[in-house]
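Okay, so here's the structure we're looking at.
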Amino acid sequence: MSSLHSQKIELSKQEQTELELIINKRKSPQSIVFRAKIILSGAQGKSILKTSKELKCTRETVTRWRKHWAERTHVHSVLEKLKEASRPGATPKFTPEQICQILAMSCDKPEDHGYPFSHWSENALAFAAKDKGIVSSISQRQVGRFLKSSKHSDQ
């Protein structure tokens with residue numbers, strides 16, 4: 001295992017060429033250029049400390065990106081290796097079935113569902129979705145977002 005002071009990176013000639021192209025390309029995103037510099041520095045045998053001083057960043061940043069590069073051996077694209085790992089994000093609060101039921105109810109007349117209004121408002125749809133047991137809770141703003149997104153998908 002390499003020490004934290006060296007953490008040398010082995011690059012193929014093609015990878016080195018691609019990294020240099022990324023650095024020299026004027027339209028490359030600066031975050032990608034910065035990461036490419038970290039990797040090239042490791043390939044040149046520069047220590048983590050020296051790289052962090054040259055690039056004016058923390059040793060942790062250098063270590064993280066060199067480790068990230070080394071772990072992504074299954075990724076063939078140099079550019080993909082330099083990108084952030086995907087993050088899972090929050091799980092959706094509403095299922096597609098719940099959204100469809102709310103949207104379907106919005107197409108019906110409120111009287112068809114036993115409500116005494118002549119038309120649906122976002123507030124009335126939110127109330128009805130809770131009342132019918134489609135969802136345990138929902139705001140009128142969320143109902144509005146569903147309605148707006150369904151309108152955009154029709155166009």
Pairs needed: first member in the range 18-42, assigned by TED's automatic domain parsing to the domain that holds Arg66 and over 17 Å from His68 (Cα atoms); second member anywhere, crowded, with 19+ Cβ neighbours inside 10 Å and among the hydroxyl-bearing types (Ser, Thr, Tyr); C-beta distance under 7 Å; at least 6 residues apart or different chains.
none
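In the set Gly133, Gly114, Gly45, Gly89, which member is in contact with a Ser or Thr (Cβ under 8 Å, 6 or more places away or on another chain) and at positive phi?
Working: Gly133 fails: in contact with a Ser or Thr (Cβ under 8 Å, 6 or more places away or on another chain); Gly114 fails: in contact with a Ser or Thr (Cβ under 8 Å, 6 or more places away or on another chain); Gly89 fails: in contact with a Ser or Thr (Cβ under 8 Å, 6 or more places away or on another chain).
Result of the check over Gly133, Gly114, Gly45, Gly89: Gly45.
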Within the range 114-139, how many residues turn out to be exposed (fewer than 15 other Cβ atoms within 10 Å of the Cβ) and either in contact with a Gly (Cβ under 7 Å, 6 or more places away or on another chain) or in a helix (DSSP H, G or I) (or both)?
3
Residues that are surrounded by 11 or more Cβ atoms within 10 Å (Cβ to Cβ) and of a type outside the set (A, V, I, L, M, F, W, C): which helices (runs of 4 or more DSSP H) entirely in the range 1-106 hold 2 or more of them?
13-24, 30-43, 48-55, 59-71
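Residues are listed down the side, and each one gets a yes or a no for (1) more than 30 Å from Lys37 (Cβ to Cβ); (2) among the acidic types (Asp, Glu); (3) touching an Asp or Glu at 6+ places or on another chain (Cβ under 7 Å):
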residue: Arg64; (1), (2), (3): no, no, no
residue: His68; (1), (2), (3): no, no, no
residue: Glu71; (1), (2), (3): no, yes, no
residue: Lys93; (1), (2), (3): yes, no, no
residue: Ile99; (1), (2), (3): yes, no, no
residue: Asp112; (1), (2), (3): yes, yes, no
residue: Tyr115; (1), (2), (3): yes, no, no
residue: Gln140; (1), (2), (3): yes, no, yes
residue: Gly144; (1), (2), (3): yes, no, yes
Going by what's in this entry, would Lys148 be described as surrounded by 12 or more Cβ atoms within 10 Å (Cβ to Cβ) and of a type in the set (Lys, Arg)?
no
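The values are calculated or read from the model by the stated rules, or taken from the named source; none is laboratory data. Computed from a predicted model, the values in this text were never measured in an experiment. Backbone-built Cβ (ideal geometry, glycine too); neighbour counts: all protein chains shown.
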